[in-house]
Amino acid sequence: MADRFGAKRVISCALVVSAALCFMIPFAADNYGLPGVWCTIALMGAAQGPLFPTSTVYLSRWMPKQGKDGADEKAWGTTMLDLGVTVGSMVVLPVANALAETVGWRQAYRTVAFAAFVFIAAWQMFAAEQPSKCSFISGEELKFLNENVPPPRAKTTESVGILGIPMKVLFKPGLWAVFAAHMGFNYGFYFLTNWSPTYYADVLKLSPAESGIHLAVAQAANIAAIIVAPALVRFANQRGTTLRASRCYFTAVGLLGAGLCLGPAYQLRTLNPWVTTILLALANAFFGLSPSGFKANYLDVTELYVGVVSGYGNTLGTCASFFGPQIVGFFLKGNGGWDAALASIVAVSFFASSLFALFCTVTPVEREDDVKKKQ
């Protein structure tokens, strides 16, 4: 849809539908009870589903491999996208809870929806599908981007079928390297998101108030790493690191570092709780480096099928986010416990980073065969 109708339109539609459903949750609760709330929130999830792959398409229209100062702008763009997700998640929970306590939960939902509509208005005013449609871009910058950013998807004579991408392109190892890294990242990262509160309560025996402080440290570490990551990418570029090597380093260091920090956590549970918090904070920080690797590679690995590839990758990553907690739950039901759960993150991180390092490519997969013929 983003390739065909434009990323801005799809993002706008997704945001409008999501905000409208958020506004309707109190109505659904009052008239249809819990089933109504469940269905409304499920529809919100469906409306928000296109946002990551469509945002990737949007970035592909603006982000060159290197800016005028030599910085890797694709890595910067995907890192800022991740930062927005993290900061937004951190801000909305305490704000919404405070609103619920002050004016009631119904008004809290309506206020969040109103804030979303305000953002949508700003998005419509200032966002541009591509540089040539931006009203406040400088001539120099427009010239630079026109010369360094691929144009929107061109028509192709190849049959893409119902999959939206030629079969011979879909099964290129470079694509599946990105997909594997995305799944490995989501498996470990959402373990921290979903299970950390349970771990602090059940294993470390901390109260919710005490746990909140420890959990905030891990979140702050993730944000700090995301902010620092573009400077680290620039440093690597200045040292002569190739683009492919940079993508591999940040993916592998992010996934393996996080896995190795989480692996021994349960064995150290009898020590001061801050030992666990330091390990979780370091793991979250390592996860903050990964978007500069495999997520930036979404913008390298294809030029013609950015939306389709991002959609498949996000779907597979979401499957890992969904099944990961179920697998952890299986371990906790007497099938190895926390040790096995944490060991599975180490194993998945090693496997995913190894696949990425072996098969990662920064040549668009639809052009790989042509490049090989020329060589």
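Structure above, values below:
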quantity	calculated
Counted charge near Ala127, where neighbours are those whose Cβ lies closer than 14 Å (Asp, Glu -1; Lys, Arg +1)	+3
Candidate values [x] 30, 26, 19; [y] 37, 23, 21; [z] 34, 28, 20, label of the one derived for semi-axes √(5λ) of the Cα gyration tensor in Å	[z]
Difference of contour (0.36 nm per residue) and Cα-Cα distance, Val217 to Leu268	16.5 nm
Projected label distance in nm at Leu142 and Val275, using a 7 Å step from Cα toward the beta-carbon	6.2 nm
Computed E for Ala115/Lys168 - FRET, C-beta separation, R0 51 angstrom, nearest 0.05	0.65
Helix-only [θ]222 nm of the chain, DSSP H runs n ≥ 4, -39500 (n - 2.57) each, per residue, nearest 500	-25500 deg cm²/dmol
Size of electric dipole in the chain: Cβ of Lys, Arg +1 and of Asp, Glu -1, about Cα centre, debye, nearest 20	540 debye
Distance in nm between pseudo-label sites at Tyr32 and Ala98 (7 Å out along the Cβ direction from Cα)	3.3 nm
Full-stretch length increase - Trp105, Ser207 - with 0.36 nm per residue and alpha-carbon distance subtracted	34.3 nm
Under the Karplus curve 6.51 cos²θ - 1.76 cosθ + 1.60, θ = phi - 60°, whole-Hz ³J(HN,Hα) for segment 278-288, x wherever Gly or Pro sits	4, 4, 5, 5, 5, 4, 5, 5, 4, 4, x
Förster-model FRET efficiency, 41 Å R0, Val228 and Phe322, C-beta, rounded to 0.05	0.85
Lysine pair count for segment 163-375 [Cα-Cα under 29 Å; pairs on different chains or 8 or more apart]	12
Net length gained if the chain between Thr363 and Ala20 were fully extended (0.36 nm per residue, minus Cα distance)	119.4 nm
Label-point gap, in nm, between Asn335 and Thr241 - each point 7 angstrom along Cα→Cβ	3.8 nm
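Every number here is computed from the coordinates shown, using simple stated rules; none is lab data. Worth saying up front: this structure is predicted, and the values here are computed from it rather than measured. Ideal geometry is used to build each Cβ from the backbone, glycine not excepted, and the neighbour counts take in all protein chains shown.
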